Structures are given as structure tokens and as C-alpha cells.
Amino acid sequence: MNRILLTLFTLIALCALRPALASDDYQLTPDSLPQPGVPKGEVHNAQWKTSKIFPGTVHDYAVYVPKQYDPSRPACVMIFQDGGGGFNVPTVFDNLIFKKEMPVTVAIMINPGVVPSANPNALPRFNRSHEYDSLTDDYARFLIEEILPEVGKTLNLSKNPDDRALCGASSGGICAFTAAWQRPDQFHRVASFVGSFTDLQGGNVYNSLIRKYEPRPLRVFLQDGTADQDIYSGSWYLGNQDVNAALKFAGNDVKFVVGDGGHSGRHGASILPDVLRWLWRDYPAPIKAATETRQPITALLAPNEGWQELPIKLENPGGMASDAEGNVYFADADHLKIQKIAPDGTLSAFAGNLGQRIPLAFGPDGRLYVSQPLARRVVAYDAAGKVSEVVHNMGVSVLTLDAQGNLYAVEPGKKTLWRIGKDGKRVALLKGDAIADIGNIVLTPDQTLLCLSRRVHGKFIASARLTQDGRLDAFQDYFDLVIPYGKPDAEAGGMVTDTNGWLYVASAAGIQVLDQAGRVNGIIANPGPDPTWSLAFGGPNRDLLYACDGKHIYRRKLRVRGVQSYEAPIKPPAPRL
């Protein structure tokens, strides 16, 4: 069975790396050939048949262990896709480790998965494109949760991301990049040869994603040929140029080497020793993310200020809201309380509630307005925690207040968006099935527009205009969100705004930051593995962004000031159109 699978992998590799052009005559250097006096490492073959991430697959792999490996010291590790075929990995590692031009490094050379055929007259299922070309984190998880722990049972492998590298060619090249892109907490070094940054399964979007996301601590080597293939999914040469330009724009340590060949591994194999020298240069100095780049997002992020997890564990939290002093309040349904987080991080109980995932909002009168949907009322707490009912006989799922004290509330049961004045007068602003699906609302800083997200989130945040006579018009799907590959929608959640008029949206892709024209200018990485769904600006200067993912609350210092809807309206600067 092993020989059959190996033959299949060879066929796959031959299909992926098509015959080169006549000009593609690159030769191996001595560093890729056995040299006298250089100790040789050992290579051990194995199979992985029990994957939970890619069920039913068989992955053949080999593990190279250098002669200099010391079990008492964690070794660096480099993972080669497609079994490292054509790169003479053990020989190159022997030579470079011997000359101390790269650290002592274990190589894992793994082939893509195959689901064996059900009978001799049927084809196996070849998982290569599914595993390699997809932009999800599945393959990264496969390596992190399955392969590295398995190899780590017998070898002392470093868990430091600076000690971990990935390499591949063609679809294996984009796969190596995607695994590091998705999990920069695990991998910092990437080498991609003739990488498939085209639309085989969405890889063409990296050009824009890299430019939008906050910088990541990655060192990336790219290689391609001017005669690389140009097919239905795109141009490989143009795709690699785009990724190189995007990585430079995002401040990454990147090197792009261009040859004159086609979709071939010859050029990559000939320069692999130099690539490894470049990739591991200055080791063990850490690879850090850039803090000042041309990206709009770095103008918002405070340098060297990452996410801070607060010592709060939740299972069933509600919304978040901030008062004039910068304290942040959240509903803690598990403990039947509304809790307060002071700017210094101190946690204290503020008031009791009914144990529901309830929305919160502050008003211009300094009171905390809280919906109690099961009781069909909205109450308000003063600073001392004294409670009074402000709206009765209304089950509200979403609410906010403006600077005049008008309450904007969604009543799903009646499929209505209401404006409720200080005198209690109710005006229906919008009605219909779509209203029952609204997940969040926020006012723009000038308080002339409402932004509305949906529970069945789709791709857009809607915008509607508040007219001077109190109506709502010009309703339009307006803010265009990024949807992560493999997700049906953006999973948009909480929203806040800053004094620039920019809209921050919690989502599966991260906290998306959109300008007034409705475009995503940047994405702040989610603080944990789960999407955030609730946001608030807190702190005395409103420059602490709080985010909740349903189990944890994090905060991060920004360079901008958040806007509270209960404050006096401000007119932000106009966006570039």
C-alpha cells in the first residue's frame, strides 16, 4: 500500500511541477550534494492514518534527524510539503548544519493525504488541493495538533515559532504560507517555490488580505519564474509578484527571487541552500512584526501594545458598554450580575440582573440602560445601582441612545426598530422581517446615520439616514465586510466608532475597520482563536478597545479615541473617495 501511495504522490507532484522550459537549466550546487567528511543524519519513514482533521486520509511522511541532534535541547523543525521531493533535503541539511549556517533542525517531509479507494476498480480521493490550496486553518491545525505532537513523542522539538519553518512548492508553497499566516503563534519562517497564489481555492485574495491585516511576525522567501503557468485560475508569476508587493507593504521581511523557468522545481532546488541561509540568518534573534508600515491599520494600533487578556472567565456574557469615566460594564449571566471593569483592570460587581444575555447602553444622563427581554422592559441604573423602569411591555434585543436621550431599540417579536423619546413616545422607524434579524446597531459620530448588523450576517452592514423630522430613510447594505474563506458569512457582531468616523466590527475575520465610504481599510487580529462578538471603547481617553469572544474579555491600547453615542455629535473628516 505504501508503494502505491508513493507512486500516486509522485504522479501528483509531476502534475503540479510541469516540465520546465529549455532555459530552465539550473544546476545543483555542492551544498545540495553529499560532501566528504560531513556527518549524515538519519531518515525515518512513517504513516499517519488517524487524522481527525482530514478523516480517512493516509499521510506518508519521513523525519530527518541531524547527526548533531541532542535530545536534551529542543531542536528547530522545518516541515516540507509534498514529501520534500526534488529538494535533496537531508543532504542540504547535513551540509548547512555541519557548517553552522543553519541551526540544528529536524525536517518533517510529509505528503498530502489520500483516502484509499473503496475497491480496486475505484480511484482514491486525492486530498492535495483540498489540504494545500484552501485558505482555512485546517492544515495548520493538522500540523500543530497531530503531526508535530506525534513526531514530538520521540524527538525534542521546539515550540518557539521562531524555531519553526515551513516550505513547499506550487500548491505546497501556498500551503506553507497559509499555515504560517493562519498561525503566526506557531510558525515564523516560510519558503515558497512557484507558489500557487491564484484562485485554485481562493489564494488570489492574499494580495488584499495581507495589506489589510495588522502586520504578522513572518519572514517569507518567494521564488517564481517568468514563464510560470498562466491558466484558468490565474497567472502564477503575477500572483507571486502581488504577494511580494503586499508583504513589503505590510513591512514583512520578504525576499523574492525570479528566474526564467516555468512551473518547475529546478530553480528552487538549485537555490535551496541559499534560501535556508537567508531564512535562518541571525538565528536565534526573534522575528517581529513591523509596527510602522504603509498600512492604514498601523496608524490605529499603538506600537508594541498587543491584546491583554483580563482575568475574567465567562460562559454566557451579554453586551458591553462604557461610561464617561471609561469604566466598561458587561452582563455576566452566569453570576446573575452586571460587572464593571475599571481602567486599571479592577473587576467589581455593579448590579444584579435576570441572568440573560442582555444588551447594555449608557445614556447622556449617566445611567446604564439594560434590556430585560423576558420581563419585557428596559430599566436604567444610576451610579449607585438604583434601578428604575424606563420602557415597559417591550422585549428589546438591541439598544443604543443618542446625545438627546432618544433610545433606539429593536423589538424582534414585532419586527420593529423603535425610537423612544425621553417622554416615552414611541416612533416606528423600520418594520419587516429583516428587522427581527438585526444583531447590533450603532450611531455614526455625527449621529445622522444608523449602522445595523444582522444575526444572519451575510457580507454587509446596513446604513440608514436619520432625517431632521425623525424618520429613517436611505436604508442600504453599505459596509462591505471580509468573509473568511470557508465561512458562509462574516459573522458580524458588536460595533463601535472612533472620532475619524471609522466603524469597528467584531467578526470571524477579526475586528474589521471600515471607513465612511464602506470599505475595509484594516483588520485587527482577533485576540484568541475564537471570533469576537462584542466591542467597547473604554479608559479615560477612550483609547482602550475591549473585545469579548464569549469566554474571555481582552483589551488593547489604540492610537485613536472611541466615540460614545451619548456624547455630543462630532463631524468626522471626510473619507478619501
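Quick check on this structure: which one of V92, V114 is touching a residue at least 40 places away in the same chain (Cβ under 8 Å) and either closer than 19 Å to S270 by Cα or of a type in the set (K, R) (or both)?
When all the criteria are applied, what remains is V92.
Among the residues of segment 514-534, count how many are hydrophobic (A, V, I, L, M, F, W, C) and either out of contact with any strand residue (DSSP E or B) (no Cβ under 6 Å at 6 or more places or on another chain) or assigned to a loop (DSSP other than H, G, I, E, B) (or both).
Total meeting the criteria: 3.
Being within 22 Å of A324 (Cβ to Cβ), of a type in the set (A, V, I, L, M) and in the same structural domain as P373 (by TED's automatic domain parsing) narrows it down to one of I441, I435, so name that one.
I441
Among the residues of segment 513-524, are any surrounded by fewer than 22 Cβ atoms within 10 Å (Cβ to Cβ), of a type outside the set (F, W, Y) and farther than 28 Å from A574 by Cβ?
No: segment 513-524 contains no residue that is surrounded by fewer than 22 Cβ atoms within 10 Å (Cβ to Cβ), of a type outside the set (F, W, Y) and farther than 28 Å from A574 by Cβ.
Only one of these is surrounded by fewer than 20 Cβ atoms within 10 Å (Cβ to Cβ) and either without any contact (Cβ under 8 Å) to a residue 24 or more places away in the chain or touching a helix residue (DSSP H, G or I) at 6+ places or on another chain (Cβ under 6 Å) (or both): P149, P161. Name it.
P149
Can you go through A333, A361, A299 and tell me which one is surrounded by fewer than 23 Cβ atoms within 10 Å (Cβ to Cβ) and within 20 Å of F537 (Cβ to Cβ)?
Only one candidate qualifies: A299.
Which residue pairs have Cβ atoms under 6 Å apart, sit 6 or more places apart or on different chains, and have a first residue in segment 134-145 that is assigned by TED's automatic domain parsing to the domain that holds P161 and closer than 16 Å to V77 by Cβ and a second that is in a loop (DSSP other than H, G, I, E, B) and of a type in the set (S, T, N, Q)?
From segment 134-145, the pairs are I144/Q186.
Find the strands (runs of 3 or more DSSP E) located wholly in segment 54-117 whose residues include 2 or more that are in contact with a Lys or Arg (Cβ under 9 Å, 6 or more places away or on another chain), and list them.
In segment 54-117, the matching strands (runs of 3 or more DSSP E) lie at 76-81.
Taking G486 as the residue in question, decide whether it is part of a helix (DSSP H, G or I), at pLDDT below 95 and either surrounded by fewer than 18 Cβ atoms within 10 Å (Cβ to Cβ) or not polar (S, T, N, Q) (or both).
Against the criterion (part of a helix (DSSP H, G or I), at pLDDT below 95 and either surrounded by fewer than 18 Cβ atoms within 10 Å (Cβ to Cβ) or not polar (S, T, N, Q) (or both)), G486 does not qualify.
What about A250, is it touching a Pro at 6+ places or on another chain (Cβ under 7 Å) and either hydrophobic (A, V, I, L, M, F, W, C) or crowded, with 17+ Cβ neighbours inside 10 Å (or both)?
yes
Is one or more of the residues making up segment 55-70 more than 23 Å from L276 (Cβ to Cβ), of a type in the set (S, T, Y) and loosely packed, with under 12 Cβ neighbours inside 10 Å?
Within segment 55-70, not a single residue is more than 23 Å from L276 (Cβ to Cβ), of a type in the set (S, T, Y) and loosely packed, with under 12 Cβ neighbours inside 10 Å.
For segment 175-206, what are the residues that are of a type in the set (F, W, Y) and surrounded by fewer than 24 Cβ atoms within 10 Å (Cβ to Cβ)?
Once the filter is applied, which keeps residues that are of a type in the set (F, W, Y) and surrounded by fewer than 24 Cβ atoms within 10 Å (Cβ to Cβ), segment 175-206 yields W181, Y206.
Could you tell me how many of the residues in segment 325-337 are at pLDDT below 95 and in a loop (DSSP other than H, G, I, E, B)?
Qualifying residue count, segment 325-337: 1.
Given the conditions (1) assigned to a helix (DSSP H, G or I); (2) under 28 Å from G261 (Cβ atoms); (3) over 20 Å from the mean Cα position of the chain (by Cα), report the number of the one that E150 does not fulfil.
All conditions pass for E150, except number (2).
Tell me which residues, restricted to segment 157-194, are assigned to a loop (DSSP other than H, G, I, E, B) and of a type in the set (A, V, I, L, M).
V194
So, in segment 84-136, how many residues would count as being under 19 Å from Y69 (Cα atoms), among the acidic types (D, E) and crowded, with 18+ Cβ neighbours inside 10 Å?
Here the count works out to 1.
Kindly list the number of the only condition in (1) surrounded by fewer than 20 Cβ atoms within 10 Å (Cβ to Cβ); (2) in contact (Cβ under 8 Å) with a residue 40 or more places away in the chain that fails for K49.
So K49 meets the others, but not (2).
Are any of the residues in segment 344-357 outside any strand (DSSP E or B) and under 20 Å from E567 (Cβ atoms)?
Among the residues of segment 344-357, not one is outside any strand (DSSP E or B) and under 20 Å from E567 (Cβ atoms), which makes the answer no.
With respect to R277, is the statement that it is over 27 Å from T298 (Cα atoms) and surrounded by fewer than 17 Cβ atoms within 10 Å (Cβ to Cβ) true?
Spelling it out, R277 is indeed over 27 Å from T298 (Cα atoms) and surrounded by fewer than 17 Cβ atoms within 10 Å (Cβ to Cβ).
Is it true that some residue in segment 416-428 is assigned by TED's automatic domain parsing to the domain that holds L503, hydroxyl-bearing (S, T, Y) and more than 19 Å from G493 (Cα to Cα)?
Yes - at least one qualifying residue is present in segment 416-428.
Taking the condition of being in a loop (DSSP other than H, G, I, E, B) and under 21 Å from the mean Cα position of the chain (by Cα), how many residues in segment 215-256 meet it?
7
Quick check on segment 448-474: of everything there that is surrounded by fewer than 16 Cβ atoms within 10 Å (Cβ to Cβ) and part of a strand (DSSP E or B), which residue is farthest from the chain's Cα centre (by Cα)?
D473
Can you tell me which residues in segment 287-322 are aliphatic (A, V, I, L, M), part of a loop (DSSP other than H, G, I, E, B) and in the same structural domain as N541 (by TED's automatic domain parsing)?
L314
Being in a loop (DSSP other than H, G, I, E, B) and either of a type in the set (S, T, N, Q) or touching a strand residue (DSSP E or B) at 6+ places or on another chain (Cβ under 6 Å) (or both) narrows it down to one residue among S208, S264; which is it?
The conditions single out S264.
Restricting the search to segment 393-447, which residues are hydrophobic (A, V, I, L, M, F, W, C), surrounded by fewer than 20 Cβ atoms within 10 Å (Cβ to Cβ) and either touching a helix residue (DSSP H, G or I) at 6+ places or on another chain (Cβ under 6 Å) or assigned to a helix (DSSP H, G or I) (or both)?
Within segment 393-447, just A436 meets the criteria.
Could you please find all residues in segment 551-566 being surrounded by fewer than 22 Cβ atoms within 10 Å (Cβ to Cβ) and assigned to a loop (DSSP other than H, G, I, E, B)?
Scanning segment 551-566 gives K551, R559, V560, R561.
From the list P569, P529, P540, which one is farther than 17 Å from G458 by Cα, surrounded by fewer than 19 Cβ atoms within 10 Å (Cβ to Cβ) and outside the structural domain of G363 (by TED's automatic domain parsing)?
P569
Kindly list the number of the only condition in (1) among the hydrophobic types (A, V, I, L, M, F, W, C); (2) touching a Leu at 6+ places or on another chain (Cβ under 7 Å); (3) under 22 Å from Q308 (Cα atoms); (4) buried (at least 24 other Cβ atoms within 10 Å of the Cβ) that fails for C548.
Every condition holds for C548 apart from (2).
The values are calculated or read from the model by the stated rules, or taken from the named source; none is laboratory data. From a predicted model like this one, the values you see are computed outputs, not experimental measurements. Please note: Cβ atoms are built from the backbone with ideal geometry, for glycine as well, and neighbour counts cover all protein chains shown.
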